[in-house]
Structure formats: structure tokens, C-alpha cells
Amino acid sequence: MPSKRYGAICPISHACKVVEPRWTIHVLTEMWAGSTRFNDIRRGVGNISPGLLSKRLKELEVAGMVDRVENKATGTVDYFRTQKAIDLEPALNALGVWAQQNIAAEIALCDTDVSALMWKLRREIHTEKFPAQRVIFQFHFNDENLARDTFWIVFYPGGERDLCVTKPSYDINLYIETDLVSLGGILTGRTNIGRELENGSLFLSGDTRLAQTMNQWLPFSYYIDVEGIVPLRANNGPHAERFSDKQENVCMTE
């Protein structure tokens, strides 16, 4: 049954009609991050089904916000944002800033999809500070009821990288044990590495240099420098200080 019309002349109402269907903004922001292939968009978005993603991409195509480009020679299909979708960036940016300043960290981070988070880390971790050799991270999440709680990211010299769900047959360089709220809080500037180490929500073991430079290779959110961020565990003390990605080097446990 078609949804009931807003019946308003307000431009914001008309914008909402385009972007409010569930997952639409997620799809647009994942494409903004650089994903153009169907499977990459799906991995980056998280819990969306293939059928629903196909529907949302078709709706965005009909709305003139996405171009579907098929390579006849290879049979591959890419999806690209049109200028109409690019023009939404300031509005989406404003939503991100508002969320950092007004939504409690525990609420903002409580439903993080672990697979989508690991796909983001696989894609965006900065490898410039890594030694010129293969580097492997093991991430273990202590959250309950995860379908999968341990992942490995393999970084190869030259830039290639793999996300694995079974342990590689190579030595692990750095073990990272944490939970989704803690790691998400670090990435979004709601807390910092040192504080999470201190309160036991983050544990590092392995290569000392990789542990001490974690603040240099983690892919922090674009919104980490927003003024007035609501910090993680804001009610655990009298000071709701804002945390920065410009953190001191951290120590780790051998």
C-alpha cells in the first residue's frame, strides 16, 4: 500500500521523502566513502539484505541521485553518485555534527555491526607507519551474542589487504581485545586509547611499535574534532572533557 503523502509545501518534507526510507542515508554515505560496487556497498552498510539494497539503489537511480554504469566488456556494474546526491553532503555533515553533540555515546554506538566495522577498518587503516613487511592484526570483541567475535586483517607490502574470519597461517603482529562501544568510541572521538586501556576496555599485546602508534594508523572519524562531543561514560566523573585523536603514545602489555 502506498504511503500517505505529507501534504506539506515545506522543502524539508520533500527532502525527507527521498532520504527517509530505511538504509537510504547509509547507502549514500557508504558511496560517499568511495564504494561503487554492490558487494562493497553492502559490506560497508552492514545488515542490509541484497534485495533491499537493490531496491534502494533503484530508488536512488529513479530519483536521479545514483547512476548505474555497466561495463559491457567485463560485465561489472558500478554505482556512482550524481551531483544531486553530492549536493546532499552539507546536510549529511550537519547531521553528523548534531549527532556527536547531542546523542549519548552509549546510544550512538550500541548497535554497531561488527562486520561492517571490520570492513571499514580493513579499508581505511593507515599503513604508512607500518614496517615494510606483512602485518597481521587480530581483533577479538568481548560483546555477547555476536555471530562472530574474532577477525584478522592482513596487510601486505604494496597496499593489498585482506579481512579474514579464520586465523591466517602467519604469526600475529598485534592482538587487539576490546568491545564495540569502546572501539567505536575511540574511532568517533567519544573517548581515547589511553582511557580505554586504563579502564580495561582495550587490551593490546604483541608488537610494541604497532601498539604505541595505534593513534596514527587507526582511521578516526571525520567528526572527531567536532566541538562539544558528548563523551563515552560522560557520567563517570565531574568533567565531560572532549577527547582528541592527538593522543600520546600508549603502552601495551607484552
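Laboratory data are not the source of any read-out in this text; all were calculated from the coordinates shown. The structure displayed is predicted, hence computed values, not measured ones. A quick note on method: Cβ atoms are made from the backbone with ideal geometry, for glycine too, and the neighbour counts reach across all protein chains shown.
For D207, which sequence-distant residues (separation of 5 or more, or a different chain) have an amide H within less than 5 Å of its own amide H, given hydrogens modelled in the peptide plane?
Result for D207 returns L174, Y175.
Let me know the Kirkwood hydrodynamic radius for the range 104-236, please, with Cα pairs as the basis and the value in Å to one decimal. Don't skip to the end; give the middle numbers.
Details: mean 1/r = 0.0652 Å⁻¹.
Evaluated over the range 104-236, this radius sits at 15.3 Å.
Along the charge dipole of the range 11-87, Cβ charges K/R +1 and D/E -1, which of L52, A15, G75 sits furthest on the positive end?
Going by the Cα projections, it comes out as L52.
Between N199, A108, N173, whose Cα lies farthest towards the positive end of the dipole of the chain when Lys and Arg beta carbons carry +1 and Asp and Glu beta carbons carry -1, centred on the Cα centre?
A108
Rank the residues W98, W23 as a footprinting-exposure proxy: fewest other Cβ atoms within 10 Å of their Cβ go first. Walk me through the intermediate numbers first.
Details: W98 11, W23 17.
The most exposed by this proxy come first: W98, W23.
Antiparallel versus total DSSP beta bridges in the chain: what percent is that, nearest 5? Write down the numbers at each step before the final one.
Details: 19 of 24 bridges.
Roughly 80 percent of the beta bridges in the chain run antiparallel, per DSSP.
Give me Y79, Y222 sorted ascending by neighbouring Cβ count inside 10 Å, so fewest comes first.
Listed from fewest to most nearby Cβ atoms, that is Y222, Y79.
Using Cα pairs under 8 angstrom and six or more residues apart, how large is the relative contact order of the range 11-87, in percent? Kindly include the intermediate steps, with their values, before the conclusion.
Values: 66 pairs, mean separation 20.7, N = 77.
It rounds to 27 percent for the range 11-87.
If R₀ is 41 angstrom, what is the calculated FRET efficiency for the pair T208 and K55, using the beta carbon separation as r and rounding to 0.05?
Values: r = 49 Å, r/R0 = 1.19.
Once the sixth-power term is evaluated, E becomes 0.25.
Kirkwood Rh, the chain, all Cα pairs: how many Å?
Working: mean 1/r = 0.0496 Å⁻¹.
Across the chain, the inverse of the average 1/r is 20.2 Å.
Ranked highest first by the average count of other Cβ atoms within 10 Å around their residues, in what order do 170-183, 125-138 fall?
On the way: 170-183: 18.9, 125-138: 14.6.
For the peptides 170-183, 125-138, the packing ranking is 170-183, 125-138.
Mean residue ellipticity at 222 nm from the helices of the chain, using -39,500 (n - 2.57) per DSSP H segment of n ≥ 4 over the full residue count, to the nearest 500 deg cm²/dmol?
Working: 12 runs with 96 residues, N = 254.
Taken over the chain, the calculation gives -10000 deg cm²/dmol.
What is the range 104-236's relative contact order, in percent, from Cα pairs under 8 angstrom and six or more apart in sequence? Before the final figure, lay out the partial values.
On the way: 204 pairs, mean separation 38.7, N = 133.
Across the range 104-236, relative contact order equals 29 percent.
Along the range 105-112, what does the Karplus equation 6.51 cos²θ - 1.76 cosθ + 1.60 (θ = phi - 60°) give for ³J(HN,Hα), rounded to whole Hz, x for Gly and Pro?
For the range 105-112, the Karplus curve yields 4, 4, 6, 5, 9, 5, 10, 4 Hz.
Semi-axes of the equivalent ellipsoid for the range 11-87, please: Cα gyration tensor eigenvalues, times 5, square-rooted, ordered largest first, whole Å.
Value: 21, 14, 11 Å, ordered largest first.
Of the candidates V18, V230, V97, which one comes out as most mobile in a Gaussian network treatment of the chain with C-alpha springs shorter than 10 Å?
Answer for the Gaussian network model of the chain: V18.
Which of K58/K120; K17/K120; K58/K129 have a Cα-Cα distance over 32 Å? Don't skip to the end; give the middle numbers.
Working: K58/K120 24 Å; K17/K120 29 Å; K58/K129 41 Å.
Pairs exceeding the cut-off: K58/K129.
Using Cβ counts within 10 Å as a stand-in for footprinting exposure, how do H14, H140, H26 rank, fewest first? Don't jump to the answer; show the numbers that get you there.
Working: H14 11, H140 14, H26 18.
Starting with the residue having the fewest Cβ neighbours, the order is H14, H140, H26.
Straight-line reach from K167: which aspartates and glutamates have Cα under 16 Å away, leaving out those fewer than 8 places along the same chain?
D149, E177
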